[in-house]
Amino acid sequence: MTGPTTPAPSSWPASGSASETRSSARLILAEAPVLAHNYHPLPVVVARAEGTWVQDVEGRRYLDMLAGYSALNFGHRHPALIEAAHRQLDRLTLTSRAFHNDQLVGFAERLAALTGLDMVLPMNTGAEAVESAVKVARKWAYEVKGVAPDRATIIVADGNFHGRTTTIVSFSTDETARAGFGPFTPGFRVVPYNDLAALEAAVDETTAAVLIEPIQGEAGVLIPDEGYLAGVRELTRRTGCLFIADEIQSGLGRTGRTLAVDHESVVPDILLLGKALGGGIVPVSAVVARREVLSVLRPGEHGSTFGGNPLSAAVGSAVVDLLATGEFQRRAAELGDVMDRVLAALTGAGVTSYRVRGLWAGVDIDPALGTGRQISERLLAEGVLVKDTHGSTIRLAPPLTITEEELRSALGALKKVLG
Ligand SMILES: Cc1ncc(COP(=O)(O)O)c(C=O)c1O
């Protein structure tokens, strides 16, 4: 295998506690009878990782250009995050919300300060945060806006990806995500993405909220026209409904700013965070909102056994502390410019078009050269991990800790497989 030239860290951690001795090939074969087939992973079995690099069972090294769909914005096992997790593991891991714990309020204070919003509802996965926001928006519509009982609607965008629960796939426009999972939850209207006129036409007195991704990640890193997010903000304010920004993938430094909505100086009513909030260590998500909005929840109406647990809160606080330095946002912006320039040079030479915001790119490959999956497999053979979104589009989303040399090396591998 001809991998990127930048060496992996010399001090890989000692072998983990698992006594797994099977080869990659055997481990992959062993999966079929015992694991649900809801994924189609690339044929690589990762055994350890550090920073931007992962290593498979046989010791082959790969540059991680996916970063756990942006859950690993700070790279694998960032020392500050690992230290925060270890410290907390040695003290207290779980209380449930039946009791207070000494880590949670600090996490909420930090997150409110980082986002400019007031209150936090801690959850675990992204889908849970979305589900929670749907509940909060509906309750707000009945109690504050005065929508007739059970009539609240939420407007979403075509091509959305907000998760996999039954309510969320109810408003997906991806047939693979929906087929066979009905009956679906009512109360959603789908409008074209990046179309303010269509959005305005869909709003009526039943509208509780508009729920959108400021950049549609799974759809292929689709960036709306400049002014769209500000337009959604103005429209929702004028018509008296909530703006819910799902920044589970776009948020926390990925786009070169703390949040993707920051590019248009927009503050939503409800912000959804997840993925990188758990530092790639624990699942942590949050609904962050204005006080008047999140105050509609009262004891007993919503919750989660693990939401806000002290281990998650300690790691989440360490994540927010990293972001508060601004270093990761700056790196994403600067290296995003490098990625943009290299992709521009590849356009017409295997790349048909691409979209970049910070260290996040959707790259459309000439279908004559292969599907996104085939390109991903060829990059794997070159020691670079990426993932297709759909068709011939691949997503590049390396850890924000990547060096320029590593980034150029990964993009060099892309050039090679297209050549
Ligand atoms: C924008 C967005 N929202 C929600 C989710 C769901 O997050 P999770 O997989 O943690 O449930 C994702 C996952 O990719 C996402 O990209």
In the neighborhood of Ala381, defined by Cβ-to-Cβ distances under 12 Å, what is the net charge if each Lys or Arg adds +1 and each Asp or Glu adds -1?
+1
Provide the descending list of Cα extents for the chain along its principal axes, expressed in whole angstroms.
63, 54, 45
Determine the gain in length on full extension of the stretch Glu405-Arg178; use 0.36 nm per residue of separation and subtract their C-alpha separation, reporting nm with one decimal.
77.6 nm
Rounded if a/c is under 1.5, else prolate if a/b beats b/c, else oblate: with a ≥ b ≥ c from the C-alpha gyration tensor eigenvalues square-rooted, which is segment 376-419?
oblate
Starting from a Cα-only point model with no solvent, please compute log10 I(q)/I(0) by Debye for segment 318-398 at q = 0.10, 0.14, 0.24 1/Å.
-0.28, -0.51, -1.10
About the Cα centre of segment 79-324, what is the dipole size in debye to 20, counting +1 per Lys and Arg Cβ and -1 per Asp and Glu Cβ, all else neutral?
620
Footprinting proxy, Glu143, Glu406, Glu200: sorted fewest to most Cβ within 10 Å, the residues are Glu143, Glu200, Glu406
Estimated [θ] at 222 nm from DSSP helical runs (n ≥ 4, -39500 (n - 2.57)) normalised by residues in the chain, nearest 500
-10500 deg cm²/dmol
Across the chain, where is the longest run that never hits chymotrypsin sites (Phe, Trp or Tyr not before Pro) in a DSSP loop with at most 15 other C-beta atoms within 10 Å?
185-419
I need Arg138, Arg395, Arg291 ordered by Cβ neighbour count within 10 Å, fewest first.
Arg291, Arg138, Arg395
Can you say what percent of the DSSP beta bridges in segment 79-324, counting only those with both residues inside, are antiparallel? Round to 5.
40
For segment 179-234, shape from the Cα gyration tensor axes a ≥ b ≥ c, cut at a/c of 1.5 then a/b versus b/c, turns out oblate
For Thr352, other-chain or 5+-apart residues with amide H closer than 5 Å (H placed, Pro excluded) are Asp364, Ile365, Asp366
Can you tell me which lysines have their Cα less than 23 Å from the Cα of Lys416? Leave out same-chain residues fewer than eight positions away.
Lys387
Cα-based shape type of segment 68-180, given that a ≥ b ≥ c are square roots of the gyration tensor eigenvalues and the cut on a/c is 1.5
oblate
Alpha-carbon Rg with Dmax, taken over segment 79-324, Å
17.5, 55
Any idea what the dipole of the chain comes to, in debye rounded to 20, about its Cα centre with Lys/Arg Cβ at +1 and Asp/Glu Cβ at -1?
560
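None of the figures in this text is laboratory data; all of them are computed from the coordinates on show. The model shown is predicted, which means the values in this text are computed figures rather than measured ones. No Cβ is skipped: glycine too gets one built from the backbone with ideal geometry, and neighbour counts run over all protein chains shown.
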